[in-house]
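Notes follow once the structure below has been shown.
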Amino acid sequence: MLLNQSKARVAVASILLLPLLAYWIINPDDVQETPTQSALSQGADYYLKGSKVKEFDEQGKLKATLSAAELTHFPDQALSRLLSPSVEMQDEKGTPVTLTSKTGTLFDNEDRMTLDEDVRVTHNPNMPDASLLTTSSLNFDRRSGIASTDLPVKITNQQFETTATGMTININSRTSDLLSDVKGTFYVEP
């Protein structure tokens with residue numbers, strides 16, 4: 001009697017698992033590589049998720065913080081690819097400045113990075129009079145604080161909106177050169 005119950009349980013379990021097994025054999029999953037597997041197959045030597053790097057000056061004062069949702073380093077290309085990078089720093093007057101984008105590239109042995117896709121540079125981000133620069137790609141030299149692009153840019157705050165094609169901005173000294181097609185609108189209170 002006990003043997004018959006065991007055989008019945010095995011038969012019921014087999015019947016229940018048979019459709020799942022058939023589906024698995026007929027429709028193999030499209031295996032999606034994780035970023036780590038993909039990066040390793042392309043020559044990456046390390047991958048970080050949720051990385052944060054802090055840079056300090058000679059006196060030990062925080063100079064800048066680089067954060068990224070993902071960082072993948074490629075030694076053969078001497079660079080790191082970044083997902084959702086963010087750079088937080090201060091200008092010469094101590095005012096906070098934040099640079100963000102969807103993707104970016106950080107070059108080894110250089111103080112240079114490129115930010116791509118939905119690039120935003122926010123000066124004084126926590127204040128109501130914050131100014132926002134948007135563009136699609138930006139080259140940034142971290143040591144000098146100079147950012148540049150040949151692409152369209154838009155700069156806005158509560159008092160004005162300016163558009164141009166091409167720009168060089170010195171984040172430390174808060175000066176910029178707009179290169180061409182400059183148009184501005186200023187909002188004056190009555």
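Worth pointing out:
- Partner lysines for residue 93 [C-alpha distance under 21 Å; skip if fewer than 8 residues away on the same chain]: 54, 61, 63
- Approximate spin-label separation residue 151-residue 120, in nm, with each point projected 7 Å along Cα-to-Cβ: 1.6
- Whole-angstrom gap from region 41-101 to region 109-170, using each part's C-alpha centre: 17
- In region 100-190, the portion of solvent-accessible area held by carbon and sulfur atoms comes to 48 percent [1.4 Å probe, whole percent, DNA, RNA and ligands not counted].
The values are calculated or read from the model by the stated rules, or taken from the named source; none is laboratory data. Just so it is clear, the model here is predicted, and its values are computed rather than measured. Backbone-built Cβ (ideal geometry, glycine too); neighbour counts: all protein chains shown. All accessible areas refer to the heavy atoms of the entire protein, side chains included, with ligands and DNA or RNA removed. Shrake-Rupley method; radii C 1.70, N 1.55, O 1.52, S 1.80 Å.
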